[in-house]
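A short write-up of the structure that comes next.
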Amino acid sequence: MKKFKGFTLTELMVALAVIGVLTAIVTPTIMRIRPNRNKMMIKKAYYTAENIITSLINNTTYYNDLSDVQDKAYLGFDVLNGCTADGVDIPGNAHKFAELFASKLNTKGDCTDENSFHICTTTDGLIWYIPISTFGGTAGDGTKGGDGVNQATMFVDVNGDDAPNCRQNSKNYSGSSCTASDEDFDQFGIVIREDGKMQIDATGTGTGCTGDCKAAEDIQIDTKVSGD
């Protein structure tokens, strides 16, 4: 009679134990070198915003210099003349910046307005909370920075409706607080000034940093690597 060779129960248990040990050793290494999708999308969102804002602030059709004809030092986004973008009429009011910015995004479906934000979802799954603001174009509107220049904050959720829907220990666009760890967050803010300058919503450095500090750190690391 032909005998069939196989594994004994003991050999099988030893093999499973070895596989378990190898998995425990290798998994942390794989997790460290695996790209963090949220981190990648934060960078993508930031540089997308940077490119759009640069194109808007330098487009004299959208934001022409009215300082010679009106008694005000116009800096850029506070110029409220109506204009046309890609064949669409853009109003000369608080919706101007939001609608111009949205027109440059590859949006999926229609944008909606909520809590003074123009909310758009892009085809890559990001949700953009674009501020509806005149950047000081109307008296009393706009939040001034430390140097007296008006500014507004835009928020981005890099994985759409998926959890945790939190910034790094900061309030979201509607003013609701949520607590996320330095690594487990999917939202961040971008402060946009009326002169076209922008930065991630974080102040200070190291342990004294407040706001979206990890997102700001990720951007700085990327900048250093690129040699800028």
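Every read-out reported here was derived from the displayed coordinates using simple, explicitly stated rules and does not represent laboratory data. Note that the coordinates shown come from a computational prediction; the quantities given were computed from them, not determined experimentally. Reconstructed Cβ throughout: ideal geometry from the backbone, glycine too, with neighbour counts over all protein chains shown.
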TODO: Give the peptides 86-98, 107-119 in descending order of average Cβ contacts within 10 Å, highest first.
DONE: 86-98, 107-119
TODO: Obtain the nm distance between the two label points defined at residue 47 and residue 123 by a simple spin-label model: each point lies 7 Å from its Cα along the Cα-to-C-beta direction.
DONE: 1.9 nm
- [ ] Work out the FRET efficiency for residue 144 and residue 24 from their Cβ-Cβ distance, taking R0 = 41 Å, and round it to the nearest 0.05.
- [x] 0.15
Open item on the list: So if each residue of separation counts as 0.36 nm, and I subtract the Cα-Cα distance between residue 220 and residue 176, what length gain in nm does that give?
Closed with: 13.1 nm
- [ ] Would you work out which of 177, 46, 63 lies farthest towards the positive end of the dipole of the range 35-226, given +1 charges on the beta-carbon of Lys and Arg and -1 on that of Asp and Glu, about the Cα centre?
- [x] 46
TODO: Pop the C-beta distance of residue 207 and residue 116 into the FRET formula with R0 = 25 Å and round what comes out to the nearest 0.05.
DONE: 0.15
Open item on the list: One quarter of the convex hull surface, Cα atoms only: what value does that give for the range 122-224 in nm²?
Closed with: 7.7 nm²
Open item on the list: Using 0.36 nm times the number of residues separating residue 162 and residue 104, minus their current alpha carbon distance, what extension gain do you get?
Closed with: 18.4 nm
Task: Dipole magnitude of the range 35-226, debye to nearest 20 (Cβ charges: Lys/Arg +1, Asp/Glu -1, about Cα centre) - done: 300 debye
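Between residue 61 and residue 8, what length comes free when the chain is fully extended (0.36 nm per residue of separation minus the Cα-Cα distance, one decimal in nm)?
11.1 nm
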TODO: Using the 2.2 N^0.38 Å rule of thumb for compact globular proteins, work out how the range 35-226 stacks up: its C-alpha Rg over that value, please.
DONE: 1.02
Open item on the list: With unit charges on the beta carbons (Lys and Arg positive, Asp and Glu negative) and the dipole taken about the Cα centre of the range 35-226, which residue among 219, 137, 117 sits farthest to the positive side?
Closed with: 219
